[in-house]
Amino acid sequence: MKQRAIIVCVACALCACSSFQRKQQTGDVAVSLGGQTLSHTQLDELTRQASTPEDSALLADAYIRQWAGDVLFYDKASKFKDPEIEELVEAYRRQLYVKRYEDKLVNSKMDQTLDMDTIQAYYEKHPELFRLHTSLVQGVILTIPEGAPNLQKLKGWLQHPMQEIEKIEKYAYQYATGYELFVDRWKTSNQIMLKMPIAEDALNASLSSKQQIEVTDSTQVYILQITDKRLPGEQMPLELAEPEIRKLMLAERRTDFIQQQKDALYEEAEKLFRIKRE
């Protein structure tokens, strides 16, 4: 395989470095340098998309040279001991261990259940955290060709969409070029604007004063019947805020739980210290 042959060339170029070794037929190791290894599997994955063996060899060559250069450069740089870097490395090492231990404690010992009463209480206590920046709408939207019959009857049915749902859907099946019922889920103003030609300012103004919005263009009539709405600045619906509330509450609970664990360890250590002193 030409990729394997190119390794020989790179090995020759690096032979001045005594720590470099080329591995031939020794399992998956392709090259070894400064205690680091590069595998045939890694090279095969890198060159999998190459269109020809020559391209594969060139990719492997370039990758090995870059990899070897990084290893050699790090080896050279690490010889210059910097106390500040050593402190940073040690601090980061401690942070990693502490974070891993905290995760283990939280996953095994902390209660992570939250009932809806608790979530709703948090929602009501912190309304400022869940203000909307865009409008939300529930309802029905239809697109109907200009001149379709019984348009006034349709508008009347839409005022009571769930009671008149059979009539609305029969009309939509016969005449509508677009129809969507979303009385049980929220759509943003941007999603509404994808369904009808209306600017956001005009949509928000209409939402604040109307339950049915009608827009026309040269060929279509667009009707939005609103069954529920939330305007910018209002509190978002609880069902949309719930995931964020869970995240916030569990983060607060985690902080308290970890502090309790630290306090318990301190008290235990203090007790042992007193016993030894006595």
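The values are calculated or read from the model by the stated rules, or taken from the named source; none is laboratory data. If you're wondering where the values come from, they're calculated on a predicted model, not measured in any experiment. FYI the Cβ positions are ideal-geometry reconstructions off the backbone, even for glycines, and counts take in every protein chain you see. Surface areas here come from the heavy atoms of the whole protein model, side chains and all, with no ligands, DNA or RNA. Shrake-Rupley method; radii C 1.70, N 1.55, O 1.52, S 1.80 Å.
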query = Say R0 is 41 Å: what FRET efficiency, to the nearest 0.05, do Lys104 and Asp82 get from their beta-carbon distance?
reply = 0.80
ask   = Do any trypsin sites (Lys or Arg not before Pro) in the range 216-278 lie in a DSSP loop with no more than 10 other beta carbon atoms within 10 Å, and if so, which?
value = none
ask   = Given (1) 24.2, 68; (2) 33.3, 98; (3) 18.1, 62, which label gives Rg and Dmax of the Cα atoms in Å as computed from the coordinates?
value = (2)
request  = Among the aspartates and glutamates, select those whose C-alpha is under 18 Å from the C-alpha of Lys167, and discard any that sit fewer than 8 residues away in the same chain.
outcome  = Glu180
key: Subset of Lys187/Lys247; Lys79/Lys104; Lys125/Lys195 violating a 27 Å alpha-carbon distance limit   = Lys79/Lys104; Lys125/Lys195
Nearest-ten-degree value, helix 200-209 long axis tilted from longest Cα axis of the chain = 50
query = What trypsin sites (Lys or Arg not before Pro) in the range 52-144 are in a loop by DSSP, with at most 15 other Cβ atoms within 10 Å of the Cβ?
reply = Lys79, Lys81
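Under the rule of -39500 (n - 2.57) per DSSP H run of 4 or more residues, summed and divided by the residues of the chain, what mean residue ellipticity at 222 nm is obtained, to the nearest 500 deg cm²/dmol?
Numbers: 10 runs with 155 residues, N = 278.
Taking each H run of at least 4 residues, the total per residue is -18500 deg cm²/dmol.
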request  = Can you tell me the relative contact order of the range 130-265? Whole percent, Cα pairs under 8 Å, sequence separation 6 or more.
outcome  = 38
query = What residue among Phe73, Phe257, Phe130 has the largest mean-square fluctuation in a Gaussian network model of the chain, using Cα springs under 10 Å?
reply = Phe73
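Counting only heavy atoms of the protein chains, get the accessible area per residue of the chain (1.4 Å probe) and round it to a whole Å² value.
68
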ask   = How large, in percent, is the carbon and sulfur part of the accessible surface of the chain at a probe radius of 1.4 Å?
value = 53
ask   = Taking the Cα centre of the chain as the origin, how large is its charge dipole in debye, to the nearest 20, when only Lys and Arg (+1) and Asp and Glu (-1) carry charge on their Cβ atoms?
value = 740
